[in-house]
1. Obtain the nm distance between the two label points defined at Asn81 and Lys194 by a simple spin-label model: each point lies 7 Å from its Cα along the Cα-to-C-beta direction.
2. Treating only the Cβ atoms of Lys and Arg (+1) and Asp and Glu (-1) as charged, compute the dipole magnitude of region 294-442 about its Cα centre; round to the nearest 20 debye.
3. Restricting attention to the alpha-carbon atoms of region 113-250, what are Rg (one decimal) and Dmax (integer), both in Å?
4. Which trypsin sites (Lys or Arg not before Pro) does region 26-122 hold that lie in a coil by DSSP with at most 13 other beta carbons within 10 Å?
5. Note down the relative contact order for region 122-177 as a percent, whole number, built from C-alpha pairs under 8 angstrom at least six residues apart.
6. Taking only protein heavy atoms into account and a 1.4 Å probe, give the accessible area per residue of the chain in Å².
7. Please give the length that would be gained between Glu431 and Asn47 if that part of the chain were fully extended, namely 0.36 nm times their separation in residues minus their C-alpha to C-alpha distance (nm, one decimal).
8. With r as the distance between the Cβ atoms of Glu349 and Glu294 and R0 = 45 Å, compute the FRET efficiency 1/(1 + (r/R0)^6) and round to 0.05.
Amino acid sequence: MVLSKTASESDVSVHSTFASRYVRTSLPRFKMAENSIPKEAAYQIINDELMLDGNPRLNLASFVTTWMEPECDKLMMASINKNYVDMDEYPVTTELQNRCVNIIAHLFNAPLEESESAVGVGTVGSSEAIMLAGLAFKRKWQNKRRAEGKPIDNPNIVTGANVQVCWEKFARYFEVELKEVKLKEGYYVMDPEKAVEMVDENTICVAAILGSTLNGEFEDVKRVNDLLVEKNKETGWDTPIHVDAASGGFIAPFLYPELEWDFRLPLVKSINVSGHKYGLVYAGIGWVIWRNKEDLPEELIFHINYLGADQPTFTLNFSKGSSQVIAQYYQLIRLGFEGYRNVMENCRENMIVLKEGLEKTKRFNIVSKDEGVPLVAFSLRDNHRHDEFEISDLLRRFGWIVPAYTMPPDAQHVTVLRVVIREDFSRTLAERLVNDIQKVLHELDTLPSKLSSNVKAADGEDGKPAETRALESKKSDLEKTREITTIWRKFVTARKQKMNVVC
């Protein structure tokens with residue numbers, strides 16, 4: 001006789017996940033559930049929600065790497081349970097990090113003797129790297145001022161208004177004034193002359209950007225260095241330079257080897273770079289390199305021994321995964337100089353394809369430069385009827401994530417779209433994106449102006465009150481552009497709040 005029984009509701013091992021109660025029962029979102037659920041159900045529920053995320057490969061807003069070779073994926077998964085900070089327990093991982101620091105230091109032309117080790121550290125990204133570099137500058141400045149019997153309560157950093165938000169975080173968290181050189185239309189990076197003019201005795205460093213987030217342009221670090229050398233001679237100061245090479249640090253050595261931006265310049269004392277951008281590693285790795293040991297005050301380095309041996313540490317956090325460090329070493333030895341150069345040349349070529357495709361539409365002005373980070377920043381030649389935010393919104397229908405944003409002061413009236421060309425963005429995708437942008441433009445041409453629609457809703461079919469029409473007739477094109485940008489930004493903000501979208 002064959003005995004059988006009916007599976008109870010709790011005997012979920014015989015059920016398909018989609019045949020179980022877990023797909024029809026609402027789980028708590030903000031409190032821990034009272035009971036456990038099967039691993040298959042937990043996986044399926046989370047996986048289903050994640051399907052609603054954007055496709056990382058089509059996220060053209062991000063500089064961060066979205067593809068690596070399967071062999072590197074295996075290495076990362078094999079080391080995912082290693083805590084990098086346990087140096088005594090994982091000495092090989094520590095050695096790989098030291099190799100990465102030295103390889104990058106030589107790439108940046110650090111003045112090292114044959115057997116001398118480079119000074120640097122791996123971080124979770126360029127934000128932490130910048131914090132560490134800034135703290136080193138602040139402490140050196142404080143030590144020098146104390147020795148001279150001078151006050152240390154007003155440190156400042158001079159940089160452009162185009163800096164990434166991590167510089168603003170450093171300034172606010174560590175009480176340093178951020179003196180920003182304002183931008184202007186057509187010139188979206190820090191002006192070296194204006195920057196050096198703003199330097200005073202309380203300036204702990206001038207921060208130059210090798211690859212602006214806004215348009216990918218390299219700032220003229222050599223010009224800043226030369227002007228600052230002269231000012232230091234005149235004043236007796238020794239104001240140094242930090243180079244934020246988060247995006248450009250793994251580009252310039254391969255595409256523009258003759259460009260002087262790194263430790264070849266005497267006032268450059270530290271450089272940060274993002275391994276998870278054009279270092280070609282998944283998110284979670286950055287590097288900061290100092291020119292020599294004297295540029296990193298010893299009192300900032302902590303020594304611990306409770307993990308088994310004396311271990312020096314200079315980080316803002318403590319525990320950190322080892323996977324990204326190992327992945328960075330894989331890329332450095334796998335690709336070598338030749339491989340990195342080929343990847344960067346491909347990115348540049350595909351950037352040119354996209355740029356030329358946009359120019360052929362005769363609808364855009366190109367804001368980015370050919371020399372710099374391989375990206376295309378562009379704005380509409382005429383955005384009176386429709387603007388860049390609408391294009392960004394409609395492109396999402398095709399799966400593309402292309403950001404639209406306004407420039408910082410004093411160019412905030414300029415709105416641009418930006419496409420970052422990464423390793424995995426092929427020529428085929430570039431051509432497809434141009435075709436989809438043309439479709440969006442054609443659709444917008446058939447739609448009423450956003451501005452007129454908003455005003456009609458407020459003032460009736462007639463559009464605008466007579467007084468407003470008379471006033472607007474006197475406005476310049478620049479003022480109209482600013483008005484359109486402001487209205488559309490409010491519209492997008494209100495829409496995001498309604499949709500409860502977290503950016």
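1. So the two model labels end up 5.5 nm from each other.
2. It comes to approximately 960 debye.
3. Both quantities, over Cα of region 113-250: 15.1, 48 Å.
4. Arg29, Lys31
5. Across region 122-177, relative contact order equals 41 percent.
6. 52
7. 135.1 nm
8. Between Glu294 and Glu349 the formula returns 0.60.
The values are calculated or read from the model by the stated rules, or taken from the named source; none is laboratory data. Since this is a predicted model, take the numbers as computed values, not measurements. Positions of Cβ are generated from backbone atoms using ideal geometry, with glycine treated the same way; all protein chains shown enter the neighbour counts. Note: areas computed on protein heavy atoms with side chains; ligands, DNA, RNA excluded. Shrake-Rupley method; radii C 1.70, N 1.55, O 1.52, S 1.80 Å.
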